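Below is a structure I'd like to ask you about.
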Amino acid sequence: MKRMQLVELEDLPWFPAILRDGGTAYIELVGRKAGHSAMLAPTLGRALKQSGASRIVDLCSGGGGPVRCISEALHAQGQPVQVLLSDLYPNRGSLDHVAATSAGRVQVHPQPVDATAVPPELDGFRTLFNAFHHFPPEAARAILADAVHKRRPIGVFEVVSREPLTLIGILMAPLIITLSLPFWRPFKWQWILWTWLIPLMQPFVVWDGVVSWLRVYSVEELRELVAGIEAPDWEWEIGTIKLGEAPAHATYLLGRPVEPAAA
């Protein structure tokens, strides 16, 4: 099945921030409890060593959950990195909470950052976790091309994949949302209204989850994206990562500049 470019509610500028923030807080909690984010750390750690980078510039950080878990996993395996979180619509409450509980390993960029045109002063290994699917092919290719143009290594990771088990998990979200609300952080009392009293959070998360499932790029589609970028001195790696014992996989794309061979 080919990727479908549908609309996620959280991508709309007018969408209420209280619901968008609730969705990112829920996703952060689920990702942390499932442990899937930490499973990406070995692949990212290898890419960091190959590029020589010790700082991550995380784009489209959302609630900041995946990169926090990954930085903790890298630190535990003896590969500490500094992380800068950024987003076009920064959820400052959640991002500041992540930074405050990171033992100094994570900071937040206060200004909006467009992933297709990252300010050159934000130097480091660029990452996108569970966010690349938001972009149609033209914009997705522009994100990669911007990294190539500015010679910044980049890693794109998606835990959601177009596999049946992932879709089943998304469809079970209403029950999990209803039960897990008290554990979302940093907690906002308005979420009680929109989850337990007027249940809008559940259909919002399910809709965006199903659309994400339909929008995520397959390995073959990622290869098509990089094929359209002029990057003769660039190395791409595209593949999948098995997520524990379940029949589910994450997809990843890594890119880094390589020095031309000496004459």
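Take the stretch 188-225 and flag every residue that is aromatic (Phe, Trp, Tyr) and not in a helix (DSSP H, G or I).
Residues satisfying the conditions are TRP189, TYR217.
When you check THR116 against the structure, is it modelled with pLDDT of 95 or more, closer than 23 Å to LEU243 by Cα and β-branched (Val, Ile, Thr), yes or no? Reasoning before the result, please.
Numbers: modelled with pLDDT of 95 or more: yes; closer than 23 Å to LEU243 by Cα: no; β-branched (Val, Ile, Thr): yes.
In short, no.
Further, regarding this structure: Which residue, of GLY104, GLY64, is over 15 Å from the mean Cα position of the chain (by Cα) and at positive phi?
One residue alone meets the criteria, GLY104.
Select from the stretch 209-263 the residues that are of a type in the set (Gly, Ala, Ser) and exposed (fewer than 11 other Cβ atoms within 10 Å of the Cβ) and write down the one among them that is farthest from ALA147 (Cα to Cα).
GLY244
Quick one: count up the residues across the stretch 72-101 that are over 14 Å from ALA25 (Cβ atoms), in contact with a helix residue (DSSP H, G or I) (Cβ under 6 Å, 6 or more places away or on another chain) and crowded, with 20+ Cβ neighbours inside 10 Å.
4
Restricting to the stretch 1-45, name every residue that is among the charged types (D, E, K, R) and surrounded by fewer than 17 Cβ atoms within 10 Å (Cβ to Cβ).
Hits for the stretch 1-45 are LYS2, ARG3, ASP11, LYS33.
Right, another one. Could you go through the stretch 181-196 and let me know if any residue there is of a type in the set (Val, Ile, Thr) and over 21 Å from VAL156 (Cβ atoms).
Yes: one or more hits.
Kindly check whether there is at least one residue in the stretch 186-201 that is within 22 Å of ALA250 (Cβ to Cβ), basic (Lys, Arg) and touching a residue at least 60 places away in the same chain (Cβ under 8 Å).
no
How about the stretch 66-98: which of its residues are free of Cβ contacts under 8 Å to residues at least 24 places away in the same chain and closer than 26 Å to LYS49 by Cα?
ALA76, GLY78, listed by residue number.
Let me ask something else about it. Can you list the helices (runs of 4 or more DSSP H) lying wholly within the stretch 1-106 that have 2 or more residues being more than 24 Å from VAL219 (Cβ to Cβ)? If you could, list the steps in order and put the result at the bottom.
Working: elements: 17-34, 41-51, 65-76, 92-100.
Those helices (runs of 4 or more DSSP H) span 17-34, 65-76, 92-100.
For residues that are closer than 18 Å to GLU220 by Cα, buried (at least 16 other Cβ atoms within 10 Å of the Cβ) and among the charged types (D, E, K, R), tally how many sit in the stretch 138-162.
3
A follow-up question, please. When you look at ARG215, is it at pLDDT 95 or above, of a type in the set (Lys, Arg) and under 15 Å from ASN130 (Cβ atoms), yes or no?
yes
Polar (S, T, N, Q) and either free of Cβ contacts under 8 Å to residues at least 24 places away in the same chain or part of a loop (DSSP other than H, G, I, E, B) (or both), is that true of SER161?
Values: polar (S, T, N, Q): yes; either free of Cβ contacts under 8 Å to residues at least 24 places away in the same chain or part of a loop (DSSP other than H, G, I, E, B) (or both): yes.
Here the answer is yes, as SER161 does meet what is asked.
So, ARG20, is that one of a type outside the set (Val, Ile, Thr) and at pLDDT 90 or above or not?
yes
The values are calculated or read from the model by the stated rules, or taken from the named source; none is laboratory data. These numbers come from a predicted model, not from an experiment. So basically every Cβ, Gly included, is an ideal-geometry build from the backbone, and we count neighbours across all protein chains shown.
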